[in-house]
Each structure stands twice: as structure tokens, then as C-alpha cells.
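The values are calculated or read from the model by the stated rules, or taken from the named source; none is laboratory data. These figures come from a predicted structure and were not determined experimentally. Glycine gets a Cβ as well: all are built from the backbone with ideal geometry, and neighbour counts include every protein chain shown. Areas reflect the complete protein model, heavy atoms only, side chains present, ligands, DNA and RNA absent. Shrake-Rupley method; radii C 1.70, N 1.55, O 1.52, S 1.80 Å.
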Amino acid sequence: MCFFLISIIYFCYNHKRLTLIENNFILAIESSCDDTAAAVLNNREVLSNCIYNQNTIHTPYGGIVPELASRAHQSKITPIVNQALHEANIDKKDLNAIAYTQGPGLLGSLLVGSSFAKSMSLALKIPIIPIHHMHGHLLAHFIENNNYESPKFPFIGITVSGGHTQILYVKDYFDMGIIGNTLDDAIGEAFDKCGKQIGLSYPAGQQIDELAKTGDSKKFSFPISNLKGYNVSYSGVKTAFLNFIKNQEKKSPNFISENLNDICASLQYTLIKIILIKIEKIVADLNVSQIVIGGGVSANSELRKQLKNLSSLKKWNLFLPPVEYTTDNAAMIGIAAYYKLMKKRFGELTEICKPRLII
Ligand code: KG4
Ligand code: ZN
């Protein structure tokens with residue numbers, strides 16, 4: 001009798017944890033870098049996707065200050081989660097799981113999101129789901145609200161962000177291997193660091209994109225690295241760009257202001273060309289025609305245009321994320337969590353954040 005009662009209590013306690021119901025509500029938290037983000041999903045549908053962007057905090061320093069990022073996450077995480085629940089019109093008691101970014105990212109930033117998620121999971125007695133940030137960038141293409149059909153496996157995944165430039169062979173949602181990587185800087189980092197040299201504020205990617213629209217991309221030329229195999233390198237172009245700017249400024253102190261649009265267009269052309277060369281090579285070598293792009297730099301209008309042109313020329317099936325899912329957001333963490341929830345791949349409260357989490 002006693003055993004029977006204990007079994008019933010145990011079953012009720014774990015009921016929410018173990019049962020997969022049709023309408024799963026997932027709260028997702030993304031805090032890997034400098035965006036405090038929360039989203040609510042109903043299965044694959046995004047009900048809310050809220051972001052507090054810390055740019056104004058880091059801009060005066062020309063890059064992210066990790067300590068300031070953690071502090072900002074701490075002060076913004078509660079309001080952002082409340083806003084996401086409010087906009088989704090969901091009470092926290094209706095949640096079935098809480099997802100958070102486990103890595104890669106800044107440790108202090110990751111800790112805020114993971115601790116918050118773990119506390120909520122304990123209080124609400126629902127599972128937590130740790131997510132790899134880069135899985136999120138790629139799986140954003142499986143969000144139901146997107147107005148296109150999701151990619152089919154296998155596909156070539158390309159992640160272009162401030163911290164990554166990776167080419168992956170993706171066999172399934174969580175079964176993927178890196179086939180190409182940057183050996184040094186990420187493409188977004190190259191945008192940001194070169195932008196800083198010409199007086200643009202952090203992050204410079206979007207500003208370069210805008211300024212380049214009225215510039216001549218052939219006006220200045222910078223080295224286009226083309227390593228053997230599928231790896232890329234951005235440190236050479238970055239150094240060449242810095243030296244070029246210094247030399248030109250010595251000759252003409254107003255060089256930057258007089259040529260800003262052309263400088264941006266020429267730089268952008270080079271940064272994009274480096275990754276496009278590899279994409280073309282990989283598609284030809286592996287004979288996989290589905291190309292799935294993710295990460296902040298996939299917001300770049302020229303990259304999008306050139307990829308679309310190449311796709312129609314070469315008959316690729318190209319997947320570009322909607323712009324709201326290009327830079328860091330929590331909806332992408334939520335969709336990755338949905339697929340883990342379907343497989344009951346939950347996390348443990350004892351699991352740690354991993355700043356260098358590998359795929
Ligand atoms: O994915 P993301 O939000 O954060 C990381 O995971 O790193 O990417 C941020 C990066 C920054 O380097 C930013 O300059 C770049 O994405 N970025 C862009 C554009 N929008 C954001 N780069 C080029 N063109 C853009 N329109
Ligand atoms: Zn990212």
C-alpha cells in the first residue's frame with residue numbers, strides 16, 4: 001500500500017517532466033554574448049521573440065566587455081522573460097520546458113541564462129534543455145512561422161557570425177560535423193575589427209553593409225585568401241586592410257571620410273568572396289545542393305544577393321534565414337529545444353556552461 005502511494009506521488013510529480021503532450025510550450029533563453037533574449041514557442045511556432053540588445057553599453061569600448069555583458073544580462077533577464085511570456089500570452093505555469101544556451105559564448109553571460117533557466121525549472125518542476133548556440137543558428141530554419149519549407153537532411157550548413165565561420169555537413173538535427181572552419185578570425189569579427197579602424201562603432205557589420213550600398217566594390221583590392229581544403233582565414237585581409245588604411249591616411253588625412261563608401265564596399269566584397277569560394281568548392285565536391293545559412297552575418301544584404309545569384313545559376317536550394325533570426329535570438333534556441341524535447345533529451349541541473357562547447 002505504502003509502495004503504491006509513493007508510486008502515485010512520484011508519477012504525479014514527474015508527470016509534466018515525462019509526458020510529451022501535443023501542445024508543448026517552451027521558454028527559451030539566449031545569453032551567450034551581448035544580447036539578452038527570451039522567446040516562447042508552441043511546438044515549432046514562435047509566439048514571442050524578445051531581445052534586449054546591449055550595443056549602447058559596449059559601443060564606447062569598441063567591443064564587448066565581458067564583465068559589463070554579464071551585469072547587463074543580470075539586470076535584463078527577468079524583464080525580458082516576463083515580456084516574452086506576456087507577449088505570448090502564456091502563464092509560466094503552462095510551460096513544459098525551459099531551454100538555455102549552454103555554449104559556446106562568454107562564461108559570465110552563459111552563467112546568467114543557465115542559472116536563471118535552472119532556477120525556473122526547479123521552481124516549476126519542468127525539464128531544462130541545454131542548447132548549442134550554433135545548432136540554434138542552423139535550426140532556426142525549422143521554425144514554423146517561416147514562410148518557406150524547412151530544409152531536408154542532409155545539407156551543407158554555413159554559420160557566419162561574430163564568433164564563428166564554419167561549414168558543416170548536417171545529417172540530422174543534432175548530428176553534424178565540421179568540414180571547414182576559420183583558422184583565425186570569424187567573418188563577423190573581421191567586419192567589426194576593420195570597421196573600428198575606419199571609425200565605425202561596434203558592431204560594424206550592419207553599418208558597413210549600409211555604407212557599401214553606394215560604394216564601388218572594385219575601387220580598392222585586398223587579398224582574398226584561398227586555403228587548401230575547406231578552411232578559411234580572415235587575419236590576412238584584416239592586417240592588409242589595417243596597413244592600407246594607415247598608409248593612405250599618411251598620404252591624405254581625409255582619406256577615410258572621402259572614400260568611406262568605396263572602402264566599405266571593397267572590404268565587404270573581399271570578406272564575402274572568401275566564404276563564397278569555399279561554398280562553391282564544397283557544393284561541387286560533395287554534390288549536396290541544399291545550402292543552409294545562419295548567424296549574424298547572414299543578415300548582410302550583399303552576401304544574401306550573391307548567394308541568391310549563385311543559387312539560381314547553379315541550381316542550389318538555398319535557405320537564408322528571415323532577418324529577425326540572423327543575429328542572436330532566443331527563438332532559435334527554442335526551436336532546437338523543441339527537437340530535443342521530442343526525443344526527451346533533457347539536461348541536468350548539475351550540467352555546466354561551456355564557453356568553448358564544440359559541435
Ligand atoms: O550571430 P551573431 O548575432 O552573434 C554571434 O554569435 O557572434 O553575429 C554578430 C555578428 C557581428 O559581428 C555583426 O557585425 C555581424 O554579425 N552582422 C553583420 C550584419 N549584421 C550583423 N555583418 C555584416 N552585415 C550585416 N548586415
Ligand atoms: Zn550567434
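Only one of the numbered conditions (1) more than 16 Å from ligand 2 (Cβ to nearest atom); (2) part of a helix (DSSP H, G or I); (3) under 22 Å from the mean Cα position of the chain (by Cα); (4) in contact (Cβ under 8 Å) with a residue 24 or more places away in the chain is violated by PHE346, and that is (2). If you go through the range 236-268 and keep only what is within 16 Å of ligand 1 (Cβ to nearest atom) and not in a helix (DSSP H, G or I), you end up with nothing. Those residues that are within 13 Å of ligand 1 (Cβ to nearest atom) and open to solvent by 40 Å² or more (accessible area, probe 1.4 Å), I need them from the range 305-337; list them, please. Of everything in the range 305-337, those that are within 13 Å of ligand 1 (Cβ to nearest atom) and open to solvent by 40 Å² or more (accessible area, probe 1.4 Å) turn out to be LYS305, GLN306, VAL323, GLU324, THR327. When residues in the range 194-215 are screened for being surrounded by fewer than 20 Cβ atoms within 10 Å (Cβ to Cβ), free of Cβ contacts under 8 Å to residues at least 60 places away in the same chain and under 20 Å from the mean Cα position of the chain (by Cα), 1 of them pass. In the set (1) farther than 29 Å from VAL46 by Cα; (2) open to solvent by 10 Å² or more (accessible area, probe 1.4 Å), PRO355 fails one condition alone, (1). Taking LEU267 as the residue in question, decide whether it is outside the structural domain of TYR61 (by TED's automatic domain parsing), more than 22 Å from ARG304 (Cα to Cα) and either surrounded by 14 or more Cβ atoms within 10 Å (Cβ to Cβ) or out of contact with any Cys (no Cβ under 9 Å at 6 or more places or on another chain) (or both). So LEU267 fails the test. Checked across the range 46-63, the condition of being among the hydrophobic types (A, V, I, L, M, F, W, C), over 18 Å from the mean Cα position of the chain (by Cα), open to solvent by less than 20 Å² (accessible area, probe 1.4 Å) and over 23 Å from ALA140 (Cα atoms) holds for no residue. A single entry from SER225, SER312, SER252, SER301 fulfils the requirement of being closer than 22 Å to ASP192 by Cα and at pLDDT 95 or above: SER301.
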